[in-house]
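Everything below concerns the one structure shown next.
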Amino acid sequence: MEIDCPSSCPYLKAGRSYQAKKHIPAAETTAHAREFDESFVARHAAALNELSRAIVEQRMDSPWLVDNDVIEVYKAVSATLKTLSSGIYYETLPEGPVRIALFRRVKALLDNLMDRALDRGQETLKVSEAVDLLDFLMLTANANSNARPKSRQYLDWLAGVAGMADVAGESARLARLIIP
C-alpha cells in the first residue's frame, strides 16, 4: 500500500526532522555555500522570491512534481544559460513532460528578468547572475531534500520560504490518493 502524505502530515514532519538530525552536509556543499553570503541573498531577493513562487505554483499545477525533477530542471536551465553566455543559444531540455513544463516556466521567468527595461525602474539580470541564482537554488535544493525518489521535502521547504505553504499544502492535499 502506498500513501502519499500531505505536507502537513505529522508523521511526515517527524520523519523529516529525524532525517535532518542524521543528515551531514558534504564538505563540497559546505564549501560551495560559503560563496553565497547574505549580500547575495539581499541583492537578489526579488528574483529569488519570483523563482520560488513560480516553482511552487508549478507544483500546484503538477502535484506529481518531486524534488529530483526540480533539481534536474535547475541543471538544464543552468546549462542553457551557460551556452547562452558563450554566444550560442541552445536549450538543454530535461526529460519528461513535467520537467519540461517547469523548465519552460523557469526559463521564461529568467528571460523576463534579463530583459527588463531599465526605464521601468527595475534592474536587468545578467546571464552570469541568473546562473549564480540557479547555483544557489541547486545548493538549497540539495541541502533541503533527501535522496528518496518521490521526496517533496525541498518543495515543501520552498513553499514555506515563499510564504505559500498553506496554499501548496491545501492543493497537494486535495490531489492525494490512497492506493491499496
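The values are calculated or read from the model by the stated rules, or taken from the named source; none is laboratory data. Being a predicted model, the structure only gives us computed values, none of them experimental. Cβ placement follows ideal geometry from the backbone for every residue including glycine, while neighbour counts extend to all protein chains displayed.
In the set Ile71, Ile88, Ile100, only one residue is aliphatic (A, V, I, L, M), under 17 Å from Asp156 (Cβ atoms) and either out of contact with any strand residue (DSSP E or B) (no Cβ under 8 Å at 6 or more places or on another chain) or buried (at least 16 other Cβ atoms within 10 Å of the Cβ) (or both); that residue is Ile71. Put simply, of Ser85, Ser78 the only residue that is in contact (Cβ under 8 Å) with a residue 24 or more places away in the chain, among the hydroxyl-bearing types (Ser, Thr, Tyr), touching an Asp or Glu at 6+ places or on another chain (Cβ under 9 Å) and within 18 Å of Asp132 (Cα to Cα) is Ser78. Scanning segment 45-73 for residues that are in contact with a helix residue (DSSP H, G or I) (Cβ under 7 Å, 6 or more places away or on another chain) and either in a helix (DSSP H, G or I) or within 23 Å of Lys126 (Cβ to Cβ) (or both) yields a count of 17.
Can you tell me which residue within segment 162-180, out of those that are modelled with pLDDT of 70 or more and not in a helix (DSSP H, G or I), is nearest to the chain's Cα centre (by Cα)?
Going through the qualifying residues, I end up with Ala162.
Among the residues of segment 124-146, those identified as within 15 Å of Lys107 (Cα to Cα) and either touching a strand residue (DSSP E or B) at 6+ places or on another chain (Cβ under 7 Å) or among the small types (Gly, Ala, Ser) (or both) are Ser128, Ala130.
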